[in-house]
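Accompanying notes for the structure given below.
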Amino acid sequence: MHTRRVTWAVATGFAVLAAGLYSPAAPAAETRGDGPTVIERRVIGYSVRDRPIRAYRLGERDARWTVVAIGAMHGDERKSNRPLEHLRDHQPVSGVNLWVVPILNPDGWHRGIRKNARGVDLNRNFPVKWRDLDGPYESGPRPKSEPETRAIMRFLGNVRPDRMISLHQPLFKVDAKSSKNPRFSRRVARNMRIPIGNVDCGGVCHGTMTQWFNKRTRGASITVELAAHPSEHYVTKVGPNGLLRAVYGER
């Protein structure tokens with residue numbers, strides 16, 4: 001039997017701390033995903049350490065809009081997955097064909113670190129405007145060198161969403177610096193109650209997923225930065241409900 005199944009069985013034995021903080025004694029892993037809200041689930045790829053990357057389909061297959069929302073690209077952004085897991089685990093969704101990928105970087109999430117298991121910042125590893133970066137924004141030896149990057153690129157190419165939302169922390173703004181669809185950016189900001197702003201990354205916004213998606217696909221993607229310490233009310237009510245309204249969904 002493939003070792004990936006064994007690795008996942010071990011990984012799922014751990015739980016996220018209630019406060020959403022990392023503890024070396026209790027590594028975190030995604031849970032649930034088996035409720036009536038989910039109409040399809042896929043393993044879209046595997047991490048460097050053979051942990052599965054899981055996507056969940058909510059809503060209606062034949063809805064006008066197909067949307068993908070992604071969290072935990074950086075494993076130390078501990079609340080970026082929570083609105084997506086709440087959408088996945090609670091009332092059924094209607095009005096939109098919505099895929100959620102709560103944890104894109106399961107190795108980084110498991111260890112509570114920004115990068116993946118090879119020390120690469122996944123949001124600098126995409127093949128548009130890629131540069132050879134070192135240090136905290138290590139971009140990898142080449143574009144799309146990481147299995148997590150390739151997995152989400154394949155998945156997005158297969159699903160072909162009209163809109164994509166990438167959830168991050170902690171800057172508390174909807175990035176509008178290079179918005180492909182300003183109206184969509186404003187709608188997300190208004191419904192998720194997050195101000196519009198510009199995320200310049202200190203001059204190292206190269207090879208990001210949003211840059212790649214906006215350049216290479218017909219759809220429009222935005223980066224949404226949650227606050228550093230969003231409240232439980234925000235990640236279980238305001239955030240998920242606002243995201244859903246922004247993409248014309250309801251529950």
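Once the range 127-152 is narrowed to residues that are among the polar types (S, T, N, Q) and assigned to a loop (DSSP other than H, G, I, E, B), the residue that is surrounded by the fewest Cβ atoms within 10 Å (Cβ to Cβ) is 145. You will find that of 195, 182, the residue that is surrounded by fewer than 17 Cβ atoms within 10 Å (Cβ to Cβ), touching a Lys or Arg at 6+ places or on another chain (Cβ under 7 Å) and without any contact (Cβ under 8 Å) to a residue 60 or more places away in the chain is 195 and no other.
Kindly evaluate residue 161 against the criterion of being surrounded by 20 or more Cβ atoms within 10 Å (Cβ to Cβ), more than 16 Å from residue 79 (Cα to Cα), modelled with pLDDT of 95 or more and of a type outside the set (A, V, I, L, M).
Yes: the conditions hold for residue 161.
Yes/no matrix, rows are residues, columns are (1) more than 27 Å from residue 172 (Cα to Cα); (2) modelled with pLDDT under 95:
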{"site": "34", "(1), (2)": "yes, yes"}
{"site": "46", "(1), (2)": "yes, no"}
{"site": "53", "(1), (2)": "no, no"}
{"site": "72", "(1), (2)": "no, no"}
{"site": "97", "(1), (2)": "no, no"}
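If you filter the range 79-126 down to residues that are of a type in the set (Phe, Trp, Tyr) and over 11 Å from the mean Cα position of the chain (by Cα), you find that the one that is surrounded by the most Cβ atoms within 10 Å (Cβ to Cβ) is 109.
Tallying residues that are surrounded by 24 or more Cβ atoms within 10 Å (Cβ to Cβ) and over 13 Å from the mean Cα position of the chain (by Cα) within the range 49-78 yields 3.
Note on the range 211-239: residues that are under 18 Å from residue 176 (Cα atoms) and part of a helix (DSSP H, G or I) amount to 5. The C-beta contact set for the range 153-168 (first residue assigned to a helix (DSSP H, G or I), second residue of a type in the set (Lys, Arg), distance under 8 angstrom, 6+ apart or interchain) comprises 153/144; 155/42. Close contacts from the range 79-103, counting a first residue that is of a type in the set (D, E, K, R) and a second that is part of a loop (DSSP other than H, G, I, E, B) and surrounded by 23 or more Cβ atoms within 10 Å (Cβ to Cβ), with Cβ to Cβ under 6 Å and a gap of 6+ residues or different chains, come to 85/102. The requirement of being within 19 Å of residue 101 (Cβ to Cβ), polar (S, T, N, Q), touching a residue at least 40 places away in the same chain (Cβ under 8 Å) and surrounded by 15 or more Cβ atoms within 10 Å (Cβ to Cβ) is fulfilled somewhere in the range 223-232, by at least one residue.
The values are calculated or read from the model by the stated rules, or taken from the named source; none is laboratory data. Computed from a predicted model, the values in this text were never measured in an experiment. Virtual Cβ from ideal backbone geometry, glycine too; neighbours counted across all protein chains shown.
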